[in-house]
Amino acid sequence: MVIEQVSVFVENKKGALKDTLGILAEAGMDLRAISIADTSDFGILRMIVPDADATLELFKSKGVTASKTAVTGCKLPDEPGALHKVLSTLCEAGISVEYIYAFITRRNEDAYVILRVEDNVFAQYVLKSAGHTIMTPGDAAGL
Amino acid sequence: MTYWNRAMETMSRDELSALQSERLTGAVNRAWERCAPYRAKLEAAGLQPGDIRGTDDLPKLPLTLKDDLRDGYPYGMFAVPMSEVVRLHASSGTTGKQTVVGYTKGDIGIWNECMARCLTMAGATKDDIVQIAYGYGLFTGGLGGHYGGEAIGATTIPASTGNTKRQLQMFLDFGSTVLLCTPSYAMHLGDAVRDAGIKDRLKLRIGIHGAEPWTEKMRDEIEERLGLRCYDIFGLSEVLGPGVSCECAERNGLHVMEDHFLIEILDPETKQPVPDGTPGELVFTCVTKEALPLIRYNTRDICTVDRRPCACGRSFARMGKLTGRTDDMLIIRGVNVFPSQVENVLLGVEGAAPYYLLVVDRVNNLDTLEVRVEMADGFSFDEVRRVEALERRIAKEIMSALGVTAKITMAAPGSIERSEGKAKRILDKR
Ligand SMILES: [Zn+2]
């Protein structure tokens, strides 16, 4: 059960990020989580949204290149050491994480972590076997 | 080995040189007598027709530029009355006026002969079924290819370009064995054949492609997708149209029809001939054409020439691929850089699109080059690592192809400005 993350390539230009987010704001689209990877030349804006396909379409209609990436979401109790446990589980299984970002919501007590791994199926199997809860697309839509 | 015209194509270099000298003298005389702009040019250079006795005197003649032809629009450069002109073609001008090219009956005969040689060079015979998928019209590709096909006695199909589904139908129903079209259209047809899953049912064996630059990688892909062997053909309407030169089975350069067209390669700065193999400006002189005389026409394309014998037995010189245009040349830290070279590199790098902007600047008295490159559609840019690996790969390829260090900046697909005609590919801040 992968989560579809939407990514947008953002050039390192003044106002580029603001303009990109402005497209979502104008269309009244919600963001569940957001993370930005940046280098001196460019940034990659990664988002968890209620409807990835609709968001992609929206960007496309505005001439902005966006892509979908399958990521693994993990639900964890909002308490110290929880994320460390998740990473330890993956590390012991020899799974490396390309990037990671976490977010909390106001609707429940849990925190969520988004993990980009090579093999989502295997990573989720490992996490589930260790007693972690995998985030579902329904979770992403209904947060 | 099969030749269309063995006597001409395999004559010794000495005989060829004598023939060229005789024809050049005649061509200069005709231009002097019948074409006022040429007469004015020759007079301005202090020349009389008698001063040109052979090819050794070629460097004395003034160069002709595209602007000279444009200034004469439409018929000012013709050397025959319109009653002798049997056809017109026009080259699409990227800016403003077109260049109009007229042909006499004799000129059309030369063209057909040259195209027949090209088709034969690539291995086509009267038993072939030749599908011409170049555009028919003012552009020379369609009719040029067409009459060449008929000249060798092949069954020639005037398919013209576009309507890909119908092209595929013709491949199947008519059993086409030879395909003439631009390399990009061949790629497109190849995609369509793959999607339709009909490669096994094709009879295609020879592809002859020109009118735009293409890479060896494209050649491989076209051959793989259409199951044929491809040959590069070259021509420009001012000189003739397709058929000025073509690859033989050796595919080691394009044999120039030197009994009709004299080729020179000149240093872009000094306009003096460069040694064979050294890149320089490609210059043609038409020694047999009647309607539109062309003396030392500087194409401003950058090219090389190889006059060593070819295993196919033809004595005609071979020109290399065009690698750029002097109009676009940039000098960066003393190195000549052509935008087309960058484009060639990008065509060969997976994940990169051939849309780019060269930003040249000077920092602490040193030239700097930044290349902004669009990612290919569908390139997975979600990981910083992948984007940076792509940048490094492009920088490395540019270094090895051009010999300059470039800073690569990736840009989103479609984000680099495209303009009509001549694309703005250079931002020089120096
Ligand atoms: Zn040859």
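Some points to look at:
- Taken together, the residues in region B:239-267 that are of a type in the set (Asp, Glu), within 24 Å of B:Thr25 (Cβ to Cβ) and either open to solvent by less than 10 Å² (accessible area, probe 1.4 Å) or within 11 Å of the ligand (Cβ to nearest atom) (or both) amount to 2.
- Candidates in region B:137-165 are the residues that are part of a helix (DSSP H, G or I) and over 23 Å from B:Asp127 (Cα atoms); of these, the one that is most open to solvent (accessible area, probe 1.4 Å) is B:Lys165.
- Residue check for B:Phe379: at pLDDT 85 or above, touching a helix residue (DSSP H, G or I) at 6+ places or on another chain (Cβ under 8 Å) and among the aromatic types (Phe, Trp, Tyr): yes
- Only one of B:Arg362, B:Arg372 that is open to solvent by 60 Å² or more (accessible area, probe 1.4 Å), away from every other protein chain (no Cβ under 14 Å), in contact (Cβ under 8 Å) with a residue 12 or more places away in the chain and assigned to a strand (DSSP E or B): B:Arg362
- Count - residues of region B:382-415 that are more than 13 Å from every other protein chain (Cβ to nearest Cβ), open to solvent by 20 Å² or more (accessible area, probe 1.4 Å) and modelled with pLDDT of 90 or more: 6
- Any hit, region B:332-341, residues being more than 16 Å from the ligand (Cβ to nearest atom), within 14 Å of chain A (Cβ to nearest Cβ) and not hydrophobic (A, V, I, L, M, F, W, C): no
- Residue that is modelled with pLDDT under 95 and under 27 Å from the mean Cα position of the chain (by Cα), where the choices are B:Thr2, B:Thr10: B:Thr2
- Taken together, A:Leu17, A:Leu31, A:Leu21 contain a single residue that is at pLDDT below 90, open to solvent by 40 Å² or more (accessible area, probe 1.4 Å) and not in a loop (DSSP other than H, G, I, E, B), which is A:Leu17.
- When residues of region A:54-97 are limited to those that are within 13 Å of another protein chain (Cβ to nearest Cβ), free of Cβ contacts under 8 Å to residues at least 40 places away in the same chain and within 20 Å of A:Ala130 (Cβ to Cβ), the one least open to solvent (accessible area, probe 1.4 Å): A:Val97
- Residue satisfying all of: in region B:300-319; within 16 Å of the chain's Cα centre (by Cα) and in contact (Cβ under 8 Å) with a residue 40 or more places away in the chain; farthest from the ligand (Cβ to nearest atom) among these: B:Arg300
- The requirement of being over 17 Å from B:Thr120 (Cα atoms), within 16 Å of the ligand (Cβ to nearest atom), modelled with pLDDT of 95 or more and of a type in the set (Asp, Glu) is satisfied by B:Asp276.
- Qualifying residue in region B:58-72 (condition: open to solvent by 20 Å² or more (accessible area, probe 1.4 Å), part of a helix (DSSP H, G or I) and under 28 Å from B:Cys310 (Cβ atoms)): yes
The values are calculated or read from the model by the stated rules, or taken from the named source; none is laboratory data. Just so we're clear, the structure is a prediction, and the values are computed from it rather than from any experiment. So basically every Cβ, Gly included, is an ideal-geometry build from the backbone, and we count neighbours across all protein chains shown. The area values use the complete protein model at the heavy-atom level, side chains included, leaving out ligands, DNA and RNA. Shrake-Rupley method; radii C 1.70, N 1.55, O 1.52, S 1.80 Å.
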